[in-house]
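Here the structure is laid out as structure tokens; the discussion comes afterwards.
The values are calculated or read from the model by the stated rules, or taken from the named source; none is laboratory data. None of these values were measured; they are calculated from a predicted model. Quick reminder, even Gly has a Cβ in these numbers, built from the backbone with ideal geometry, and neighbours come from all protein chains shown. For the accessible areas, the whole protein counts, side chains as well, though only heavy atoms, and no ligand, DNA or RNA atoms are used. Shrake-Rupley method; radii C 1.70, N 1.55, O 1.52, S 1.80 Å.
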Amino acid sequence: MHEMSIAEGILDIALDTMRQNNGIIIHSVQLDLGLMSGVEPDALLFCWDAVVKGTAAEGSKIDIHTIPITGQCLDCDAVFDVQNYAFICPHCESKYINTIGGRELQVTSIDID
Amino acid sequence: MQVEVKTNVLAKNDAIASDLQRLFKEKNIFVFNLMGSPGAGKTSLLEATLQELVKDYNIAVIEGDLFTNQDAERIHALGVPVIQINTVGGCHLDAHMIQDAVEDLDLDTLDMIIIENVGNLVCPAEFEIGESMKVTVLSVTEGEDKPLKYPLIFKESKAVLLNKIDLLPYVPFNKDKAVKDIRNLNPQGFIFEVSCIAKDGLATWIDWLKEQLKMYR
């Protein structure tokens, strides 16, 4: 279960940010999480409660913002929602698709005092 | 107070992975990350592949395993230098572990490093470890539903090997469905059908691998 190392990574970022801003407590962390990031939200929340114990983030929450899987066709430029994990352009059937959304695993902001 | 951050959670890992990639390029070493479920046949594929490749290339293997060194011993028996990483319960290899491991290798003498990841279809796909390509082994005994259940690993792989193909008459594996789902996820990916036990399809895979090495260098 790699959600534990992900939770530790998020905590590192949160604590670094808090110190840089002379904060003393972390209330919440906002996270962009792509549907194809490989991270299970429930497992992440469970691990978060475990890793924050005894830190300035104890009792804090993670707000997860789920990002859908989006592809962009490299041939016709169409941007489309990827359905059923089919990375094929629905307009021109090209197989050259750039995944522009869905892999996110990014801390976007942190609420501190 | 709300502070904007915009930092990737895996940024530290990715930075080390980029350093490793640069190091391997500088040393002209082709590195691939071999992934798949426990029991899919990663080590068997490695044994069959090494037996051919050691004739022409200097290769080292990095073995990821939770606790044991059984796989490393199988590789060692072929006369190939092997480094064991025990993750002690950790479900994947990360870039930092590879950075430590390569310190024990003589990089000036190597053409290729094969990294056998921990048996797992989820976590290894998330962590870049400085590799030039990812390869996933899916055995037909695991079921055709795996590509859609674990999409990331199949999407990220340059090649997917369907292993234990000799067992197809005996297991209810819908190969067409598996191949279609892999192709949808990964239209540019290569699919090889092999059996490491029956020695089927291995030559095609090994020729392709040699081609990849040539293109890299």
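Take residue A:53 and tell me if it is over 30 Å from residue B:182 (Cβ atoms) and of a type in the set (Lys, Arg).
Details: over 30 Å from residue B:182 (Cβ atoms): yes; of a type in the set (Lys, Arg): yes.
Criteria met by residue A:53.
Quick one: would you say residue A:91 is loosely packed, with under 15 Cβ neighbours inside 10 Å, touching a residue at least 12 places away in the same chain (Cβ under 8 Å) and within 27 Å of residue A:47 (Cβ to Cβ)? Quick ask: steps written out before the conclusion?
Numbers: loosely packed, with under 15 Cβ neighbours inside 10 Å: yes; touching a residue at least 12 places away in the same chain (Cβ under 8 Å): yes; within 27 Å of residue A:47 (Cβ to Cβ): no.
Considered against the rule, which asks whether it is loosely packed, with under 15 Cβ neighbours inside 10 Å, touching a residue at least 12 places away in the same chain (Cβ under 8 Å) and within 27 Å of residue A:47 (Cβ to Cβ), residue A:91 comes out as no.
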Report summary line: residue B:97 meets each of (1) open to solvent by 10 Å² or more (accessible area, probe 1.4 Å); (2) under 22 Å from residue B:56 (Cα atoms); (3) within 18 Å of the chain's Cα centre (by Cα) with one exception, condition (2)
Query raised in the report: Out of B:74, B:22, which single residue is basic (Lys, Arg), in contact with a Ser or Thr (Cβ under 8 Å, 6 or more places away or on another chain), open to solvent by 20 Å² or more (accessible area, probe 1.4 Å) and away from chain A (no Cβ under 14 Å)?
Result: B:74
**Report entry** Within the range B:172-187, considering residues that are without any contact (Cβ under 8 Å) to a residue 12 or more places away in the chain and open to solvent by less than 90 Å² (accessible area, probe 1.4 Å), the one farthest from residue A:69 (Cα to Cα)
**Finding:** B:187
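Among the residues of the range B:10-46, what is the count of those that are of a type outside the set (Lys, Arg) and over 13 Å from the mean Cα position of the chain (by Cα)?
Within the range B:10-46, the first condition is being of a type outside the set (Lys, Arg), and the residues that meet it are B:10-11, B:13-21, B:23-24, B:26, B:28-41, B:43-46.
The next check asks that each one be over 13 Å from the mean Cα position of the chain (by Cα); those that pass are B:10-11, B:13-21, B:23-24, B:26, B:28-29, B:39.
Looking only at that region, the number is 17.
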Query raised in the report: Regarding residue B:158, is this residue of a type in the set (Lys, Arg) and open to solvent by less than 40 Å² (accessible area, probe 1.4 Å)?
Result: no
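So that you can scan it fast, the table gives a plain yes or no per residue for (1) at pLDDT below 95; (2) within 20 Å of the chain's Cα centre (by Cα); (3) open to solvent by 70 Å² or more (accessible area, probe 1.4 Å):
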position: A:40; (1), (2), (3): yes, yes, yes
position: A:43; (1), (2), (3): yes, yes, no
position: A:52; (1), (2), (3): no, yes, no
position: A:57; (1), (2), (3): no, yes, no
position: A:60; (1), (2), (3): no, yes, no
position: A:64; (1), (2), (3): no, yes, no
position: A:70; (1), (2), (3): no, yes, no
position: A:73; (1), (2), (3): no, no, no
position: A:80; (1), (2), (3): no, no, no
Query raised in the report: Which pairs have Cβ atoms under 7 Å, sit 6 or more apart or on different chains, and link a residue in the range B:81-100 that is under 15 Å from residue A:6 (Cβ atoms) to one that is open to solvent by 30 Å² or more (accessible area, probe 1.4 Å) and part of a loop (DSSP other than H, G, I, E, B)?
Result: B:91/A:1; B:95/B:128
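Where in the range B:42-152 are the helices (runs of 4 or more DSSP H), entirely inside, with at least 2 residues that are modelled with pLDDT under 95, at positive phi and aromatic (Phe, Trp, Tyr)?
Numbers: elements: B:42-53, B:70-76, B:95-102, B:146-149.
Once the helices (runs of 4 or more DSSP H) in the range B:42-152 are filtered for at least 2 residues that are modelled with pLDDT under 95, at positive phi and aromatic (Phe, Trp, Tyr), nothing remains.
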